Structure formats: C-alpha cells, structure tokens
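Trainee: Here you go, one structure.
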Amino acid sequence: MSARDRILGKLRQKMPSAVALAPDVATWYATHRPVEGATDKARRFRHFIELAHAEVLAVTPANWLSTLREVLRSKGIDKILVSEETTHGCAVLDEFPRQGVDCQVYNMAIEAWKTEMFNATPASLTAARGAIAETGTLILWPDPAEPRLMSLVPPVHIVLLNAANIYNTFHEAMLAEGWSHGLPTNALLISGPSKTADIQQTLAYGAHGPKELVVLMLTEGEQ
Amino acid sequence: MSEHTLHFNPSKGFRARSKDVVDNPFLRQSFRGAMDFLMSKRAAQFPDAEELESLRTLGESIRQYNLAKLPTLLEQLEANLTSNGIKVHWAETPDEANEIILGICQQHSARLMVKGKSMVSEEIELNHAAEAAGIGALESDMGEYIVQLAGEKPSHIIMPAIHKTKEEIARLFAEKVPGVDYTDNVDALIQIGRNVLRQKFLEADIGLSGVNFAVAETGTLCLVENEGNGRMCTTAPPVHIAITGIEKIVEKLEHVPPLLSLLTRSATGQNISTYFNMISRPRQPGEKDGPSEVHLVLLDNGRSQAYADEQLRKTLQCIRCGACMNHCPVYTRIGGHAYGTTYPGPIGKIISPHMLGLEATKGLVTASSLCGACGEVCPVKIPIPELLMRLREEAFSPPHANPSMVGQGAGYSGLISAVWRGWAFVYRSPGLYRLATWLGSRLRWLTPSRQGAWTSVRVPLKPAPKRLRDMLKERG
C-alpha cells in the first residue's frame, strides 16, 4: 500500500459521519463590511496602501504618461521595463525613448536574460487587474504580456490602476469575477513595497522585492 | 549545524533549558519586548469586539467544516492539482518527505535550493537531510537566514530571529558574510541580506516553499508573506517544491478571505500581508517565467493520529498565526528554544505530542498555568487549555489497552498515583480526615526543611499548629 492510501485510509476510517454545516461566508461579509461608492472605495484603498508605504498618484488618461515621466525623473531612474503587448506599454515605448528613457521589453523567456533582469532593471510598469479597498491591495494576474517577475525583481514597481476596478473586499472581488471557475497560473495580491520586521521588530522596506511601489490611480476625466 | 535536532527528547532537558533563559535578563527582555509589541499590534487590528468574535466563529466553522471532509478534499485537491499540471506526493513520515524532495533535486542534478519560510520543512529537518545529500539548502526569509547563519533554529514560528538583538545580528553578519563590516543599522543589515540572497535566487536550481492554504476546488496553493522571498522561491528557479501538512486544506476559494484576514491580523497585526501569492499551475506555453515544474508534498507525521479523535482533531484547525505564543506567559519567559520542538508555545505543546509521541513530550503539557490566554486569542477557537488537560490525562494516566495516542501513559508513576488515591480515600472519610489533620498539627516538626523545587525560592511548607476546626472550637 502506498503512503497515499495509508494516509487516506486512516483519515477515512475516522471521518465524522455527520455532515458539517457549510460556513456562511457571504452573510458575514454582508453584515460586517460596508459597500461603498466609487469615491469612498478609492479613498479607503488609498488610505490603506499609503499606510503600507506605497505612493499613490491620481492620474487621468491625458496626464498619466507625463506623471510617470515625472516619477522616474524624481527618482533619478533612466530605464524602465514595460510590455510591448499592452496599450499602456506601447504608449511608453512611443514616448519615452526620445525623452532619454531606456525602455526594456520582456519579449523572451527569463532564462535568456535572468542576470540582466536581476542586476540591471531599476524599474517596471505593469497594470493591475483591480484593487481591494478594505486592505489597500492591488490585484495582479501576471500573463505572457506582463510576466510574474516584472512586479517582483525591479527595485521600483509602478502600477497603473483603473479606479473603476476597486472592490470593497477580497471576497467581493473573487465572487464578482468568478475566480473559483478559473484562476491563472499565478494570481497576486500586493499591498505595498516588500518589507520585513525580522530584525528586532524594526520595519525595513525593500527586503527581497520592490523597495518602492508607486500606484498611478487612473480616473476618467476629472482630477 | 544546530545541536537542537528533532531526534532528542524535548522533555529531557526542558527544565534546564527553561532555567537558562529565565536566568538570562537579556533574553527575557528580548522576548518580553517582542511579545508586548506583537500583542499591542494585534489588539489594534481588532478594535471591535463583536467583529472579532463573529470572525473567529466563522474561522472556526470554516476549519471544522473542511476537517470534517478532509480525506475527500485531499482527493479533490490532488485531482485538481494534477489536472493543472502540479505533481502531488504523499509522505507519512519526515524521512519519506525528505526522500521525495531530495529525489526531485537529484533528478535535476540540483546543487542549490532556496527556501521560503516553511515550518513543515523545519519539522522534517530538510536542511540537514539536504546537506547530507550534498545539496545546499539556503533559507531566504530574513529571520530564517539569520538563524541559519548562526547555526540555530527559529525561536518563533512567525518571527524566527526574535531572540536576537540587532547588535548580535550585526556581529554575525560581520563575521559570516564575506566583505561585510560591522553595522547595526537595521536598513543596512536588511540590504546586506537582500544583496546576498538576490544572487542566490538567480542561481538556485530549486525553490522550496510552505503553503498557508491549499484550495481543493481550484487546485491552488496560497502563500502569505511580506518580504517577497516566497515569490522569489516560487517564481525564479526552474523547479518549485511546496510542502504542507495534510490539514491545511479548504474546499472553496471563498473560505480563504476570512482565514487570511484572521491570520495576518492575529500574527503580526497587519490588515493584510504585503503579498498573497496564489499558484495554480507550472509555467504554461507562451509564459515567459515561472517554474516549469511544480510539486506538492503532503505530510502526515502524526496529524492523522490527532484526526482520529474528535477532541484532538481540533488541534488541526490551526492556521499557524503564533498568537497563542505571543500571549503565553510561559513562552514569554522561556522563549521558543526551551521547548526543544519545531513548534514552540501553546500550539507546540498540543501538536508536538502527535509528531514525537508523548514519551518525548510529556513534560511540555505540564508547562502551563492554564491561564487560558491562548484559547482566548486563537483566531479559529482551538480550545488549547482543554486540549492541554486532555493531553495531561493521556500522558499521566495508567497505560491502557486501546490508547488514542502513541506514548499514552508515558508519564504514569505508580507511587504518585498511590499518593493521590490515598489522599482521595482520606478526604472521603471524616474520621480518617480528622485523624490525619490532628497528626499533621502534632507532627509538624517532622516536615523537612528542604522540599525540592518549592524551597529553592520559598520557605518550607508546614502544617498549621492548630487546625481550623480547633480554632473554630476555641471561638465557641
């Protein structure tokens, strides 16, 4: 008999015969978490992610690119990793090289350029799929256009978030988008730059992931 | 290499190790300060008592529901992971788990394994097994990296290096990391660790991680962390091996948000961790990064013994937040190393007997004042004090034919049992009781002046010269 069969056999023998009542998660959220409008959700999201040391900048379709340029300039960064398969990535690729910003694209498997990714990629831009107001959290589903390491290895990670995609809670986000019917290879919740308090409970940023997280929060039209 | 291995008897030497810590004012200050910090951080996350209570009740019901269906869910998880392309392995013992993991390493001719924080990998002593097989196993969580560098073990399940001051860490880095000068600036120390480990993430052949929740319906492995090393270990190397105990399963994805909220708020007082990493597949065609192979090792190691008993099964509700140790007056005074087990503190006292047997752990279950703090703060309402009482009974009652635990009766003593039986007999018969107390008050000069541990810091116990009944009689 295999270890699998022995373990399952032992458990099955002692499995309770009565069926346990299914936990009512939805009711708990309905009675304990507010459902807010767009402005309040955006405010709550911003409050919590800023508490976790992220920078949030409100942008519009008209000015997000110049704001991004300003962010890079203020941090003294002259190279950014972008996707050539997304509209926002292409917008950067159209503008930035002639303004003197070196644009790196993620157009081949990591094995071909791992050392450069780890040692010579100071910043990256990715989109967020959405966000969660309750905890100040970004939702990312990395894909072939914007792969997993893009939001992890560069010391500065800049995220473009459409403020219309902010959910009240994690629970609401997974239900509204039907996550249980299909998750990607990797789904991520990101709530600030990488950090640790492992040395004498002293908080330090930039443990292994990005040292800085900048959110460009995009709203249509008004500032 | 550490001298604290799982192979020794934690009960043996428990008193001596505890005394060492209690006698060390620096260590006591470290633990006291750290526990006060963690307790106040947690309290700040739960300002609303009703919300906390109802969320704990929900957390408890989620864990109990999933444990009730455990074997079915394990099969569902296996089927969904397999169809997602993740290979599932089963291990009954630590040795089997090590064999599986090292076998995968050898298949890939691996030389370096980077590890995210995993208490189950500590439980199986993977680092020693890897070393013996000629494979480097490097801890990448900052706290774990520090204790590994010092040749020690974690003293806390969430904050592994909680027993060390920054000055000690500064000396350790200056001594052990090539090209590093002494600095006790915490930011500088973290950057030193970051730079060393970045190079290792780049070079590693294998990434190893634990699992916080495994979701059966989607075939997803969830990891909670702040540093990003967990994401590094599960994304940068070509092969990812995850290891978990068989109990960490939930059926529905929907069960995850409440447990995640309870976990991070109870553990470190954060409303959420920096990263919540959900892995469902190895790298797919067209994807440009991520491991091309993902494995999951499911470990039993005594958990099925706890499962077999309705009361002891509650031990498996644990989501490993560490709040019970943060609030434990015993843990705060003796620290994590004194226990001599992978899991210290109240949760360690109730889970370790299933992993190591009661013979080796019988001393641990007595190291409690039963103040109840652990049970009160447990986010999934494990009745820890009740389980401690049960384990005391298992350890100290006479050995019987159908034990529910390995090592049942290991602490049984015929003499102690006879003394208690005699005491009970005397207390049940008024005449004998009167005679005994009369003798006590007359023969009090016979009581020894040295009464073991009691008189090491206290005056000896002596029966009163006059019995209560005599005093009452005098007052009329």
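Computed from the coordinates by the stated procedures, all read-outs in this text should not be read as laboratory data. Values in this document were obtained by computation on a predicted structure and should not be read as measured data. Every residue, glycine as well, gets a Cβ built from its backbone with ideal geometry; the counts of neighbours run over all protein chains shown.
Trainee: Give me the dipole magnitude in Debye, nearest 20, for the range B:360-476 about the Cα centre, with unit charges on the beta carbon: positive for Lys and Arg, negative for Asp and Glu.
Mentor: That gives a dipole near 780 debye.
Trainee: Stokes-Einstein diffusion coefficient for the range B:14-304 at 25 °C in a medium of 0.890 mPa s, Rh from the Kirkwood formula over Cα pairs: what value in µm²/s?
Mentor: Here the translational diffusion coefficient equals 121 µm²/s.
Trainee: Please figure out what share of the DSSP beta bridges in the range B:14-304 is antiparallel and state it in percent, rounded to the nearest 5.
Mentor: Percent antiparallel among DSSP bridges in the range B:14-304 is about 25.
Trainee: With unit charges on the beta carbons (Lys and Arg positive, Asp and Glu negative) and the dipole taken about the Cα centre of chain B, which residue among B:Ile169, B:Ile416, B:Val330 sits farthest to the positive side?
Mentor: Working it through, the farthest residue towards the positive pole turns out to be B:Ile416.
Trainee: If you don't mind, there's one more thing I want to ask. Using only Cα atoms, what Kirkwood radius does the range A:36-218 have, in angstroms?
Mentor: Averaging 1/r across every pair of different Cα atoms and inverting gives 16.9 Å.
Trainee: At q = 0.14, 0.18, 0.20 Å⁻¹, what is the log10 ratio I(q)/I(0) for the range B:55-114, with the Debye formula run over Cα points and no solvent?
Mentor: For the requested q values the scattering log ratios are -0.64, -0.85, -0.92.
Trainee: For the range A:36-218, what proportion of DSSP beta bridges, expressed in % and rounded to the nearest 5, is antiparallel?
Mentor: Taking every DSSP beta bridge with both residues in the range A:36-218, the antiparallel ones total about 25 percent.
Trainee: So, one more: List, largest first, the extents of the alpha carbons of the protein assembly as shown along their principal axes, each in whole Å.
Mentor: Here the spans come out as 104, 56, 56 Å, largest first.
Trainee: A further question follows. Under a point spin-label approximation (7 Å from Cα along Cα-to-Cβ), what is the B:Asn402-B:Val457 distance to one decimal in nm?
Mentor: Between B:Asn402 and B:Val457, the label points sit 4.4 nm apart.
Trainee: Give me the percent of Cα-Cα pairs in the range B:113-234 that sit more than 23 Å apart, rounded to a whole number.
Mentor: Taking all Cα-Cα pairs of the range B:113-234, the fraction more than 23 Å apart is 31 percent.
Trainee: Using the Cα centre as the reference, give the magnitude of the dipole from point charges on the C-beta atoms of the protein assembly as shown (Lys, Arg: +1; Asp, Glu: -1; all else neutral), rounded to the nearest 20 debye.
Mentor: 4100
Trainee: So, one more: Using a cut-off of 17 Å between alpha-carbon atoms, which aspartates and glutamates can reach B:Lys166, once sequence neighbours fewer than 8 places away in the same chain are excluded?
Mentor: Once the sequence-local aspartates and glutamates are set aside, what remains near B:Lys166 is A:Asp198, B:Asp141, B:Glu144, B:Glu152, B:Glu175, B:Asp181, B:Asp184, B:Asp187.
Trainee: Could I ask something else about it? Given the range B:317-396 reduced to its alpha-carbon atoms as identical point scatterers, what log10 I(q)/I(0) does the Debye formula return at q = 0.11 Å⁻¹?
Mentor: Taken in order of the listed q values, log10 I(q)/I(0) reads -0.23.
Trainee: What is the distance, in nm, between label points placed 7 Å from the Cα along the Cα-to-Cβ direction at B:Lys466 and at A:Arg43?
Mentor: About 7.4 nm, to one decimal.
Trainee: Of B:Lys115/B:Lys176; B:Lys19/B:Lys176; B:Lys248/B:Lys314, which pairs sit farther than 23 Å apart, going by alpha carbon to alpha carbon?
Mentor: B:Lys19/B:Lys176
Trainee: Taking just the C-alpha trace of the range B:414-475, give me its Rg and Dmax in Å.
Mentor: When restricted to Cα atoms, the range B:414-475 yields Rg and Dmax of 14.0, 43 Å.
Trainee: While we're on this one: How about B:Lys12: which lysines have a C-alpha closer than 24 Å to its C-alpha, ignoring those fewer than 8 places off in the same chain?
Mentor: Of all the lysines, those that pass the test against B:Lys12 - Cα under 24 Å, at least 8 places apart if same chain - are B:Lys153, B:Lys349, B:Lys362.
Trainee: Please give the contour-minus-distance gain from B:Glu75 to B:Ser429: 0.36 nm per residue of separation, less the Cα-Cα distance, rounded to one decimal in nm.
Mentor: Residue separation times 0.36 nm, minus the Cα-Cα distance, leaves 121.6 nm.
Trainee: B:Glu131 to B:Leu439: FRET efficiency via 1/(1 + (r/R0)^6), r the Cβ-Cβ distance, R0 56 Å, to the nearest 0.05?
Mentor: Here the calculated transfer efficiency is 0.35.
Trainee: B:Glu359 to B:Ala43: FRET efficiency via 1/(1 + (r/R0)^6), r the Cβ-Cβ distance, R0 30 Å, to the nearest 0.05?
Mentor: 0.20
Trainee: Taking 7 Å along the Cα-to-C-beta vector as the label spot, tell me the B:Met389-B:Val419 distance in nanometres, rounded to one decimal.
Mentor: Taking the two extended label points, one gets 2.3 nm.
Trainee: Right, something else. For the range B:15-55, list residues with backbone N below 18 Å from a point placed 7 Å from the Cα of A:His32 toward its Cβ?
Mentor: Only B:42-55 fall inside the zone, counting backbone N under 18 Å.
Trainee: Given the protein assembly as shown, what percent of its DSSP beta bridges are antiparallel, to the nearest 5?
Mentor: Of the beta bridges lying entirely in the protein assembly as shown, close to 30 percent run antiparallel.
Trainee: So for the range B:339-382, Kirkwood radius off the Cα pairs, Stokes-Einstein at 4 °C and 1.567 mPa s: how many µm² s⁻¹?
Mentor: Estimated diffusion coefficient is 118 µm²/s.
Trainee: Once Lys and Arg get +1 and Asp and Glu get -1 on their Cβ, which of A:Ala62, A:Leu72, A:Thr115 lies farthest toward the positive end of the dipole of the range A:49-127?
Mentor: A:Leu72
Trainee: Give, rounded to the nearest 20 debye, the magnitude of the charge dipole that the range B:317-396 has about its Cα centre when Lys and Arg contribute +1 at Cβ and Asp and Glu contribute -1 at Cβ.
Mentor: Rounded to the nearest 20 debye, it is 140 debye.
Trainee: Could you tell me the calculated FRET efficiency between B:Glu310 and A:Asp24, based on Cβ-Cβ distance and R0 = 22 angstrom, to the nearest 0.05?
Mentor: Result of the calculation: an efficiency of 0.45.
Trainee: Using +1 at the C-beta of Lys and Arg and -1 at the C-beta of Asp and Glu, which of B:Leu149, B:Val215, B:Ala137 has the Cα lying farthest in the positive direction of the dipole of the range B:125-221?
Mentor: B:Leu149
Trainee: Using just the Cα positions, wrap the range B:252-300 in a convex hull and report its mean projected area in square nanometres, one decimal place.
Mentor: Hull-based average projected area comes out at 5.5 nm².
Trainee: If you take the square roots of the eigenvalues of the alpha-carbon gyration tensor of the range A:1-44 and sort them as a ≥ b ≥ c, do you get rounded (a/c under 1.5), prolate (a/b over b/c) or oblate?
Mentor: It is oblate, given that a/c is not under 1.5 and a/b is not larger than b/c.
Trainee: Tell me, which cysteines of chain B are without a disulfide-compatible partner by the Cβ under 4.7 Å rule?
Mentor: Lacking a cysteine Cβ partner under 4.7 Å: B:Cys105, B:Cys222, B:Cys233, B:Cys318, B:Cys321, B:Cys328, B:Cys371, B:Cys378.
Trainee: Near B:Lys252, which aspartates and glutamates are there with a Cα under 13 Å away, not counting those fewer than 8 places off in the same chain?
Mentor: A:Asp24, B:Glu217
Trainee: List the GluC sites (Glu not before Pro) in the range A:186-223 that DSSP assigns to loop (not H, G, I, E or B) and whose Cβ has at most 10 other Cβ atoms within 10 Å. Which are they?
Mentor: Loop-located and lightly packed - A:Glu220, A:Glu222.
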